[in-house]
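Before any comments, here is the structure.
Rule-based calculations on the coordinates, nothing more; no lab input. Computed from a predicted structure; not experimentally measured. With ideal geometry, Cβ positions are generated from the backbone for all residues, glycine too; neighbour counts draw on all protein chains shown.
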Amino acid sequence: MAVDKHKRLFDLLFTKTEAGELEWQETAEKGDYLASFSNYSIEITRYEAQENESTIVRLAIRGADGQVIEWVTDIEVGERIATQTEKNVFYRKTEALYEMVRRKVLGADKALDAILAELDDDIPF
């Protein structure tokens, strides 16, 4: 079933991104990020749900020509997960995936390190 593959895709992207094994880059669209593979790419996006104040994480699978072959949201996958506890874990993981990608691409840790280094240097002791 495709939903099982989609959940596995989210899970593997999380694991490989956390391990530093995937190279993500910014796209022309602010807040969208792309990881390239041999013949395909994955684009990750986060947006606000219109019905409530939750966020939705969407993956788009693109062919070599850039055309979207398929897309899936964490909500679609989460609806097929059996227990509420497992759903909650999955949603937290997809949000963490997006944040991890965003921070890596934008260099959040590098910026924090630079600011902390400057602050440490300015302490007169």
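A few comments on the model shown:
- Test result for residue 82, closer than 26 Å to residue 37 by Cβ and surrounded by fewer than 17 Cβ atoms within 10 Å (Cβ to Cβ): no
- Across the range 11-39, the qualifying residues are those that are out of contact with any strand residue (DSSP E or B) (no Cβ under 6 Å at 6 or more places or on another chain), free of Cβ contacts under 8 Å to residues at least 40 places away in the same chain and among the hydroxyl-bearing types (Ser, Thr, Tyr), and the one among them that is nearest to residue 105 (Cα to Cα) is 36.
- Residue ID - surrounded by the fewest Cβ atoms within 10 Å (Cβ to Cβ), chosen from residues in the range 15-71 that are among the hydroxyl-bearing types (Ser, Thr, Tyr) and over 15 Å from the mean Cα position of the chain (by Cα): 38
- Strands (runs of 3 or more DSSP E) within the range 1-55 that include 1 or more residues closer than 20 Å to residue 69 by Cα and of a type in the set (Lys, Arg): 41-48
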